[in-house]
Ligand SMILES: [Zn+2]
């Protein structure tokens, strides 16, 4: 992912609309690229800061951003685990089908 694509995905990230693959690449990029991290921080501050001002609630944006990044990593891990489980179940079904076919032939 290059910086241009990263920055295009920022709004979707803030809305939690990235799929697992995008999210993984997105989070991977932000770990390595300082300027994109800054860009994300700015967009986050604008986006969330504006909302909070409208709400009139107290807020600590630094903490919120940290939490959001933590959540995003957690989401990524959960979704990947889920995908692995689905893949495993599919594999099981296939094995059972094959077994049934093989047994059907043998019996
Ligand atoms: Zn970048």
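When the chain is treated as a GNM, springs tying every alpha-carbon pair under 10 Å, which of 54, 64, 17 comes out with the largest mean-square fluctuation?
The residue that fluctuates most here is 54.
If the viscosity is 0.692 mPa s and the temperature 37 °C, what translational diffusion coefficient in µm²/s does Stokes-Einstein give for segment 3-56 when Rh comes from Kirkwood over Cα pairs?
So the translational diffusion coefficient is about 283 µm²/s.
How do 97, 36 line up, fewest other C-beta atoms within 10 Å first? Don't skip to the end; give the middle numbers.
On the way: 97 10, 36 22.
Fewest to most other Cβ atoms nearby, the residues stand as 97, 36.
Would you mind putting 90-96, 26-32 in packing order, based on average other-beta-carbon counts within 10 Å, highest first?
The most tightly packed comes first, giving 26-32, 90-96.
May I ask for the equivalent-ellipsoid semi-axes of segment 57-97, computed as the square root of five times each C-alpha gyration tensor eigenvalue and listed largest first in whole Å?
39, 7, 3
Treating the angle as unsigned and between 0 and 90°, give the value, to the nearest 10°, between the Cα long axis of helix 20-32 and the longest Cα principal axis of the chain.
Helix 20-32 sits roughly 50 degrees off the main axis of the chain.
Gaussian network model of the chain, Cα springs within a sub-10 Å range: biggest mean-square fluctuation belongs to which of 86, 20, 48?
Highest fluctuation of the listed residues: 86.
In degrees between 0 and 90, to the nearest 10, how far off the longest principal axis of the chain does helix 61-106 point, with axes built from Cα atoms?
10
Just the projected area, averaged over all directions, of the convex hull on the alpha carbon atoms of the chain: how many nm²?
Its average projected convex-hull area is 9.4 nm².
Expressed as a rounded percentage, what relative contact order does the chain have, with Cα pairs under 8 Å and six or more residues apart? Walk me through the intermediate numbers first.
Working: 37 pairs, mean separation 26.7, N = 107.
Reported as a whole number, the value is 25 percent.
Tell me the angle of helix 3-14 to the major Cα principal axis of the chain, expressed in degrees between 0 and 90 and rounded to the nearest ten.
Between helix and principal axis, roughly 90 degrees.
FYI, it's all coordinate maths here, none of it is from the lab. A quick note: this is a predicted structure, and the numbers were derived from the prediction, not measured. Cβ coordinates were reconstructed from backbone atoms using ideal geometry, including for glycine residues, and neighbour counts include every protein chain displayed.
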